Number of protein chains: 2
Amino acid sequence: MLKVLKFGGTSVGTLDRIRNVANIIKDIRDEGHDVIAVVSAMSGETNKLIEYAQSFSNNPTASEMDMLLSSGERVTSALLSITLNEQGYETTSMSGREAGIITDNVHTKARIESIDTSNMKKAISEGKIIVVAGFQGVTQDSKRVSTLGRGGSDLTAVAIAGAIKADVCEIYTDVDGIYTTDPRIEPKAKKLDKISYDEMLELASLGAKVLQNRSVEMAKKLNVNLVSRSSFTPEVEGTLITKEENIMEKPVVSGIALDKNQIRVGMYGVTDRPGIASTIFTALADAKINVDMIVQTVGVDGKTDLDFTIPTTDWEICKKVTETFKDETKKVDYNDKICKVSVVGVGMKSNTGVASKAFTALANENINIRIISTSEIKISMIVEEKYAELAVRALHDAYNLDK
Amino acid sequence: MLKVLKFGGTSVGTLDRIRNVANIIKDIRDEGHDVIAVVSAMSGETNKLIEYAQSFSNNPTASEMDMLLSSGERVTSALLSITLNEQGYETTSMSGREAGIITDNVHTKARIESIDTSNMKKAISEGKIIVVAGFQGVTQDSKRVSTLGRGGSDLTAVAIAGAIKADVCEIYTDVDGIYTTDPRIEPKAKKLDKISYDEMLELASLGAKVLQNRSVEMAKKLNVNLVSRSSFTPEVEGTLITKEENIMEKPVVSGIALDKNQIRVGMYGVTDRPGIASTIFTALADAKINVDMIVQTVGVDGKTDLDFTIPTTDWEICKKVTETFKDETKKVDYNDKICKVSVVGVGMKSNTGVASKAFTALANENINIRIISTSEIKISMIVEEKYAELAVRALHDAYNLDK
């Protein structure tokens, strides 16, 4: 098999941790697999360089930031290559450029446009382990080094796995897979063996921070089998994120997610003229505010009430937008003492009664649901924040996720 | 004018020092000059990375060491570029690759084969200050990053100045030029305004550590006007190292050099067969021992005595070589309590009595000369180490170098 392995900053954070990663790679190699490892900068290095740059400028030149920040991954790739060499393994480090990664021209948050895999294929055919400096490529036009922004090393690994048609892309972090819910909230949470891309996307956007949506979306698009596992306990199998068709027994519910970083916005007594809701939500979208759950209620007085949630970080900018509608609104209020609990599972599509089980479970605990929104594979509910953990445990229990 | 400026590790050792370098560059730019700055890694960074690598391997892969070590200069070039940008100057950093530096394929001690200046010329024509990451290029064949070994950033600067036909190449260190002798030994030592390449080469090989011979040799070959000056006192003019023809008034003696890192080897009672000396010195050369001053005396008993000096670092290997001649040698001894003082000056060629003045000066101080060797522009003398400083001062005085 051809395996792409990705090791994040914590996994390569010290010289001992790099040694540990070398051992993981050796074991996989010794089983007869071809290996492309993608590495991040040692944890702390990138932040140090950012601080250096910010001591010179509040708004440092993007192309120079890329020259600066891309160095950390190069260092890790060389060090990992050296320790594998020392133990008798043929390796070669590769910068993003050498790995053939071409991006668009947007420095510090570039998107991968294409990957020329010829250099990597040649090294693999020569029996070499490849260690790629993650998070970087070169721009299409000027061929200057570019970086991919947050989660860039995961993206590098997934994109390489897709381009070179690897059998699997294993993302190593400090957690050993995807759980039915956060084990710090529900100790009975179980690690999932398999989960579909769509379920993972829902869980990730709802606060499971193991994998970022950008990477999961790319894995889905490129049909890459993704595995989330831990470099601290490499003997544990991890969770496979794959196509729904690859999952034989589809569970009705895969997991319960919790997101506390939301606030509820209420716009009450809005003049009910045609298109008013659309006008407001267009204005919010133009301000790049990620509006999530929306409930619209038309009152008997011919006025409309709008309820929706936004990420806490968008609070200030949201206030500015709602302010522009103050002549058409009776009252606007904000509530940050709420949270969103979600039930996620592909099996919902073909099962009835999934939602009512959730409502019953919360009702049994006397938890009021303020807003509900559903998709094909998800039911999200806004409840008071003080009930967050209780709600998660009640739902986990209701769907027997500990079994 | 087009000026190439080189700043070493101490000159860019902290963020404040980088700010200081930016100020030097700004002043030169504001005078209307085009600028290419070549920078080293921040002092300490390269050693840290070497330690990291050595914790994994006693003999780390050369190509991976280059991937590792080249990162330090990239960081400095980006940071310096960012601070210049912030102050309104158009700049661009360049890696060795971007600066067009092609080397041979010998990783960690590559030699520059050629420089494609088109990228630099374009940036200059766009009015940009260029900040090149020193010490690196890419190999001819595999186009992998390579490093140039000790003094590599100086070499980068000189090679670029030669290739792009810069008017001057200024090497900034923590000393403000070349002195008639080491001011710590002779406080009356004076800074030289100008010195020829050949004199500089003699002084450098004799212990003046400001510039390395590899760089001076390249400057001579490429006809680059080199200036040694200080980034700590940029208002001081420094010393110009140039062609002999460019120096109008050629001083008889330019400086006095001292080298304490030599030992004297005596091989006594060597069988005087034809070619014996040649055999011995060939064996020493094959062992890469840098034999310097040689005196051969044939005794009346048909035996030969050989006296020569070698660098202290070659002592162990030299013992092994002389051991192979033990059947043909009565006795071998080593003396590390000696030093070499040298009088250097292009004017010697056309002046008589220069040597006798040196011998008289030392005789007046009752200093015995053990070995003498002369070249067109240099007289070197081996004396007991305890007289080192006294000899330097006596010679400095004899040639009125404080005037």
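Within the set of pairs 6+ apart or on separate chains, which have a first residue in the range B:283-304 that is without any contact (Cβ under 8 Å) to a residue 24 or more places away in the chain, a second that is not hydrophobic (A, V, I, L, M, F, W, C), and C-beta atoms under 6 Å apart?
The qualifying pairs are B:T297/B:D305.
In the range B:33-60, how many are farther than 20 Å from A:A41 by Cβ, in a loop (DSSP other than H, G, I, E, B) and touching a residue at least 24 places away in the same chain (Cβ under 8 Å)?
3
Of the conditions (1) in contact (Cβ under 8 Å) with a residue 60 or more places away in the chain; (2) buried (at least 24 other Cβ atoms within 10 Å of the Cβ), B:S81 fails just one. Which one is it?
(1)
Would you confirm whether any residue within the range A:277-284 is in contact with an Asp or Glu (Cβ under 9 Å, 6 or more places away or on another chain) and under 12 Å from A:G266 (Cα atoms)?
No, because not a single residue in the range A:277-284 is in contact with an Asp or Glu (Cβ under 9 Å, 6 or more places away or on another chain) and under 12 Å from A:G266 (Cα atoms).
Among the residues of the range B:239-272, which ones are among the β-branched types (V, I, T), under 22 Å from B:T181 (Cα atoms) and exposed (fewer than 15 other Cβ atoms within 10 Å of the Cβ)?
To start, the set of residues in the range B:239-272 that are among the β-branched types (V, I, T) comprises B:239, B:241-242, B:247, B:252-253, B:256, B:263, B:265, B:270-271.
After this cut, where a residue has to be under 22 Å from B:T181 (Cα atoms) as well, the list is B:239, B:241-242, B:247, B:252-253, B:256, B:263.
Residues satisfying the conditions do not exist here.
Is it the case that A:L284 is part of a strand (DSSP E or B) and of a type in the set (A, V, I, L, M, F, W, C)? Lay out the reasoning, then the answer.
Working: part of a strand (DSSP E or B): no; of a type in the set (A, V, I, L, M, F, W, C): yes.
Judged against the criteria, A:L284 is not a match.
How about the range A:325-367: which of its residues are surrounded by 12 or more Cβ atoms within 10 Å (Cβ to Cβ) and over 24 Å from A:D259 (Cα atoms)? Don't jump to the end; show me each part of the working.
Step one: of the range A:325-367, the residues surrounded by 12 or more Cβ atoms within 10 Å (Cβ to Cβ) are A:325, A:328-330, A:332, A:334-336, A:338-349, A:351, A:354-355, A:357-363, A:365, A:367.
Within the range A:325-367, A:F325, A:E328, A:T329, A:K330, A:N351 qualify.
Quick check on my filter: what residues within the range B:240-264 are closer than 28 Å to B:I372 by Cβ, part of a strand (DSSP E or B) and in contact with a Leu (Cβ under 8 Å, 6 or more places away or on another chain)?
Those that are closer than 28 Å to B:I372 by Cβ, part of a strand (DSSP E or B) and in contact with a Leu (Cβ under 8 Å, 6 or more places away or on another chain): B:I241, B:G255, B:I256, B:A257, B:L258, B:D259.
Taking interchain pairs and intrachain pairs at least six residues apart, which have beta carbon atoms under 7 angstrom, with the first residue in the range B:355-380 and within 24 Å of B:D336 (Cα to Cα) and the second at pLDDT 95 or above and exposed (fewer than 15 other Cβ atoms within 10 Å of the Cβ)?
none
List the pairs whose first member sits in the range B:97-122 and is within 17 Å of B:S77 (Cβ to Cβ), whose second member is part of a loop (DSSP other than H, G, I, E, B) and among the hydroxyl-bearing types (S, T, Y), and whose Cβ atoms are under 8 Å apart, counting only residues at least 6 apart or on separate chains?
Listed pairs, sorted by first residue: B:G100/B:T117.
Grab the strands (runs of 3 or more DSSP E) fully contained in the range A:72-126, keeping just those with 2 or more residues being more than 10 Å from chain B (Cβ to nearest Cβ).
A:101-103, A:112-115
Given the structure, is A:T180 out of contact with any Pro (no Cβ under 6 Å at 6 or more places or on another chain), more than 27 Å from A:G13 (Cα to Cα) and of a type in the set (S, T, N, Q)?
Working: out of contact with any Pro (no Cβ under 6 Å at 6 or more places or on another chain): yes; more than 27 Å from A:G13 (Cα to Cα): yes; of a type in the set (S, T, N, Q): yes.
Yes: the conditions hold for A:T180.
Taking the range B:1-32, which residues are at pLDDT 95 or above, in a loop (DSSP other than H, G, I, E, B) and of a type in the set (V, I, T)?
Those that are at pLDDT 95 or above, in a loop (DSSP other than H, G, I, E, B) and of a type in the set (V, I, T): B:V12, B:T14.
Would a scan of the range A:344-353 turn up a residue that is farther than 22 Å from A:D182 by Cβ, in a strand (DSSP E or B) and among the polar types (S, T, N, Q)?
Residues of the range A:344-353 farther than 22 Å from A:D182 by Cβ: A:349-353.
Subset that is in a strand (DSSP E or B): none.
No, there is no match, as no residue in the range A:344-353 is farther than 22 Å from A:D182 by Cβ, in a strand (DSSP E or B) and among the polar types (S, T, N, Q).
Can you tell me how many residues within the range A:178-193 are surrounded by fewer than 22 Cβ atoms within 10 Å (Cβ to Cβ) and within 13 Å of A:L226 (Cα to Cα)?
Adding up the residues that qualify gives 1.
To keep it simple, each residue is scored yes or no on (1) in a helix (DSSP H, G or I); (2) without any contact (Cβ under 8 Å) to a residue 60 or more places away in the chain.
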| residue | (1), (2) |
| --- | --- |
| B:E199 | yes, no |
| B:V216 | yes, yes |
| B:S228 | no, yes |
| B:P234 | no, no |
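Which is of a type in the set (F, W, Y) and either modelled with pLDDT under 95 or farther than 19 Å from B:G127 by Cα (or both), of B:Y52, B:Y89? Break it down into steps so the answer makes sense when it comes.
On the way: B:Y89 fails: either modelled with pLDDT under 95 or farther than 19 Å from B:G127 by Cα (or both).
Answer to the selection: B:Y52.
Starting from residues that are away from every other protein chain (no Cβ under 12 Å) and among the acidic types (D, E), keep the ones in the range A:7-60 and report whichever is nearest to A:G152 (Cα to Cα).
Checked the range A:7-60; the qualifying residue nearest to A:G152 (Cα to Cα) is A:D34.
Would you check if B:I130 is in a strand (DSSP E or B), touching a helix residue (DSSP H, G or I) at 6+ places or on another chain (Cβ under 8 Å) and buried (at least 20 other Cβ atoms within 10 Å of the Cβ)?
Yes, satisfied.
The values are calculated or read from the model by the stated rules, or taken from the named source; none is laboratory data. Everything numeric in this text was worked out from a predicted model, so none of it was measured. Because the Cβ atoms are built from the backbone with ideal geometry, glycine has one as well, and the counts that use them run over all protein chains shown.
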